[in-house]
1. If you take just the helices (runs of 4 or more DSSP H) that sit entirely in region B:270-359, which of them hold at least 1 residues that are in contact with a strand residue (DSSP E or B) (Cβ under 9 Å, 6 or more places away or on another chain) and either within 14 Å of chain A (Cβ to nearest Cβ) or closer than 30 Å to A:S116 by Cβ (or both)?
2. For region A:252-269, what are the residues that are free of Cβ contacts under 8 Å to residues at least 12 places away in the same chain and within 9 Å of chain B (Cβ to nearest Cβ)?
3. Could you tell me how many of the residues in region A:65-82 are more than 14 Å from chain B (Cβ to nearest Cβ) and either surrounded by fewer than 18 Cβ atoms within 10 Å (Cβ to Cβ) or charged (D, E, K, R) (or both)?
4. For region A:139-166, give me each residue that is among the hydroxyl-bearing types (S, T, Y) and either under 30 Å from A:L214 (Cα atoms) or surrounded by fewer than 24 Cβ atoms within 10 Å (Cβ to Cβ) (or both).
5. State all residues of region B:334-351 that are more than 19 Å from B:V23 (Cα to Cα) and under 21 Å from the mean Cα position of the chain (by Cα); if no residue qualifies, say none.
6. Quick test of your reading of the structure: B:S274 fulfils all but one of (1) surrounded by 15 or more Cβ atoms within 10 Å (Cβ to Cβ); (2) over 21 Å from the mean Cα position of the chain (by Cα); (3) among the polar types (S, T, N, Q). Name the failing condition by number.
7. Can you go through B:L248, B:L281, B:L243 and tell me which one is under 23 Å from the mean Cα position of the chain (by Cα) and over 21 Å from A:I303 (Cα atoms)?
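The values are calculated or read from the model by the stated rules, or taken from the named source; none is laboratory data. Because the structure is a prediction, the values reported are computed rather than measured. Using ideal geometry, Cβ is built from the backbone for each residue, glycine included, and neighbour counts are taken over all protein chains shown.
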Protein chains: 2
Amino acid sequence: MDQKEANIKRISYPALLDFVCQVLTSLGVPECEAELVSESLVDADLKGVHSHGVVRLPIYAERLRAGVINAKPNIKRKREQLGSCIVDGDNGLGHLVGHLAMEVAIDKARANSVPSFVAVEHSNHYGAAGYFVEQATRADMIGFSFTVGAINHMAPWGGREALLGNNPFAIGLPRMQGQPPVILDMACSVAARGKIIVAARNGERIPADWALDLQGRPTTDPIEALKGLVQPVGGPKGYALTLVVGLLSTMLTSALFGSGLRHLYEDLENEQNSGHLMGVLPINLFTAPEAFSERMSQVSYEIHNAEKASGVEEIYLPGEREHLSRERAIRDGVPLGTGVIEDLKACGRQHGAKLPIPY
Amino acid sequence: MDQKEANIKRISYPALLDFVCQVLTSLGVPECEAELVSESLVDADLKGVHSHGVVRLPIYAERLRAGVINAKPNIKRKREQLGSCIVDGDNGLGHLVGHLAMEVAIDKARANSVPSFVAVEHSNHYGAAGYFVEQATRADMIGFSFTVGAINHMAPWGGREALLGNNPFAIGLPRMQGQPPVILDMACSVAARGKIIVAARNGERIPADWALDLQGRPTTDPIEALKGLVQPVGGPKGYALTLVVGLLSTMLTSALFGSGLRHLYEDLENEQNSGHLMGVLPINLFTAPEAFSERMSQVSYEIHNAEKASGVEEIYLPGEREHLSRERAIRDGVPLGTGVIEDLKACGRQHGAKLPIPY
C-alpha cells in the first residue's frame, strides 16, 4: 500500500457498495448492472489494489455523463464457435463487459468440454485483471485475462515515444475449497504509475529505474517522470511482455492499439474501444479436480514452509495477501486514503449520492 | 550474446545438424527423431540463444547413456477431448515430446475449430520455449508454451530455499507471409544463470540485483551467486510469474514440481518427468487471417518507426533480432564459443561423431 496509515480511513463495505451503485444508477446504469460493476470495482479496494478501485469512479462517471461510455449497452456475441466467440461490448462499462465475456468463456467450456477463449471489443477500462480470472477459478477452471492499458505511457525498447500501455494480465488457478486461488495479476512496468503520482504528491524522489523523462533519460524526479514514460520491468523483457499482452487483447478484433489508443482521462469525446482476451481451461478436461487440488495443496505447503530470509515472517502465494486484506476489509471496513474520500464525496454530491461516514 | 567476438567461431549449419544427429543416433535415437531434435536444438544457436542450444548436447547424451532419457519412447495420448489431451512423453527427449505435443494441439484446433491445449508429462528439458510457439504461428495460430525449469535455483519471495525453477514461457503471434512472427520467449529471473557462469569464468563481478548468496543476501560475487539463488525479475512479480508458469506446466498431470524436481545435471539416476503446457488459438476462429495480418503490420510499422532514444539505430519487435541472427547463421555458419566447441569435440569423440571444422 502506498498511502501512509495515518491518511487511511475505513468505510463500511456494504455502504460503500451502495454508494457506488447509487452514483452509477443516477447516470442511467440499470440497477442489476450497477451492482455488478460496484462489486467488481470495490473488490480491488478490498484487496488493497487501490489503483484499480473506487479511485476510478469519478472518471467512469465523467465518461458516462459525457456519453463516451454507454450506460445501457446491448452486449452481443459474434462468430460463435464451440470454444470461442467475439463479444462486442457496445461501449459498456469495462467491468460489466469483462464479467459477461468471462461468463461466456466459462459457459462454452462447460457446455462443450473444451478450452474456451473470448475476444472482446468495444469495451472500456475493466479494472483489475485478477477479478475475472477469479470467476474462472470459482468454476474449477484455470483462467487467463489480458487487457490493453487505458493510457500509453511506455515506449518500445530503444524508443522514447509512448506507443504502448502498461498492459495488465492475470492468470488464476483454483485451490481446494475454502482456500483462496493462486492469482498472478501484474502489469509490465517496474513500478505502477500510481506510485510515481504518490511520490510527486509527497515531494519524494523516485528510484532511477522507474521512469524516463521526455528526452528518454532515466529520472529520479517524479514530476519529470509523469511527463515522460514508465520503464518496463526487466528492460526488454517487460517491453516484449507488454507488447504481446496488448496484441493478444486487440489484434483479434477491432479494438484500438498503439497510436490509435484513446486516453482514459484526456479524451472525453471518443469511446475507448478497449480490447480484452478472456480464456479458461477446465481442470476436469485434464485430471480429476480432487487430484489437482491435492497437488496444489502440496505445493502450497512447501512454499508456506520454505526457509525464510532474515526478517521475513510469512511467505505468501500470489493472491494470498489480497485475500487476507479482503477478509479484513469486509470485517473492519474498506481502507481508503483521505484524498480518495474527498474525491468520492465530490462525485457523490454531483450525483445525489452521499458517501457513508468513514471511521 | 555473452561470449566475446574473439572467442567465437562459426560452423556450417548443415554440418552441425549432421553432427548432432550422429551423436543422437549413436545413442539409439531413431534417425527421424534425431533429425527433429537436432533442428530444434541448433535453432536456438541460430537465433543466438546459446544457453538452450548445442551447449546442452553433452548432458542430453549423458542422460541417454545413463538410461534416464528414453531413446525410443512410445509417446501416447490420454484423456482425449475435442480441444485437449494429455501427452505422456514416455521419458523421451524433451524437444521431440514438445514438438509432437504442439502438433497434437495444432491438429485438434484445426480439426475441431476450437482453441486447443495439451498438457505434457514424462518429458525432459525441451530447450527454447519459443521454438514450439513458432510451430503454431506457421499454422496461422497464436501459440503458448509453458515449461518447468530443469533446476531449482529460485526461492519463493521472502524465502531463501531453492524450491522454484526459473520457469520459461513463450507466446507467439503470426505476421504477414515472409515476416517473422512476434515471439515473446522469457524466463523469470533478472538475468539468466548462464550470464553468472560467464562472469565467474571471466573473473568479473555481477550487478547486486542478479543473485542471492547461500544466506539469502544480495551478492556481486558470481561464485557465491552460483551456490545461491537467482533473483526474480521485478521481485514479487517475477516470483509470481515463475510460480504460475511452473504450476501451469505441472499441476494438470503427474509432472514433478517443487522439492520433487530432479536436477538436470546432478541426478543421473532418475527420469526428470518434466511437464509442459502447449496451447493454440487459431486466428480464423476470431477474424480473417488477412485482417489480422493487416492489423499486425500496422503495429509493426508504428513500432519500427517510433522516435528512438539517443544512440539507438533500430527498434525491434520481440523475435526479430533472433530472426536476423538466424538468417546470418544459416548463411555464414553457426557462431559458437570456443569452450562449447571443445565440449562438443569431446562429446563427438565419445560417440563416434566428428565435429566439422570451424572457420
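1. Values: elements: B:289-304, B:320-332, B:338-350.
In region B:270-359, B:289-304, B:320-332 are the helices (runs of 4 or more DSSP H) which contain 1 or more residues that are in contact with a strand residue (DSSP E or B) (Cβ under 9 Å, 6 or more places away or on another chain) and either within 14 Å of chain A (Cβ to nearest Cβ) or closer than 30 Å to A:S116 by Cβ (or both).
2. Result: A:G260, single match.
3. Taking region A:65-82 first, the residues more than 14 Å from chain B (Cβ to nearest Cβ) are A:65-76.
Then drop every residue that is not either surrounded by fewer than 18 Cβ atoms within 10 Å (Cβ to Cβ) or charged (D, E, K, R) (or both), which leaves A:65-68, A:72, A:74, A:76.
Of the residues in region A:65-82, 7 are more than 14 Å from chain B (Cβ to nearest Cβ) and either surrounded by fewer than 18 Cβ atoms within 10 Å (Cβ to Cβ) or charged (D, E, K, R) (or both).
4. From region A:139-166, those among the hydroxyl-bearing types (S, T, Y) are A:145, A:147; that's our starting set.
Hit for region A:139-166 is A:T147, nothing else.
5. Once the filter is applied, which keeps residues that are more than 19 Å from B:V23 (Cα to Cα) and under 21 Å from the mean Cα position of the chain (by Cα), region B:334-351 yields B:P335, B:G337.
6. Here B:S274 meets the rest and fails (2).
7. Numbers: B:L248 fails: over 21 Å from A:I303 (Cα atoms); B:L243 fails: over 21 Å from A:I303 (Cα atoms).
Step by step, each of B:L248, B:L281, B:L243 is checked, and only B:L281 is under 23 Å from the mean Cα position of the chain (by Cα) and over 21 Å from A:I303 (Cα atoms).
Let's see how each residue does on (1) farther than 30 Å from A:A162 by Cα; (2) modelled with pLDDT of 95 or more:
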| site | (1), (2) |
| --- | --- |
| A:Y265 | no, no |
| A:L277 | no, yes |
| A:V280 | yes, yes |
| A:A288 | yes, yes |
| A:F292 | yes, yes |
| A:K308 | yes, no |
| A:V312 | yes, no |
| A:Y316 | yes, yes |
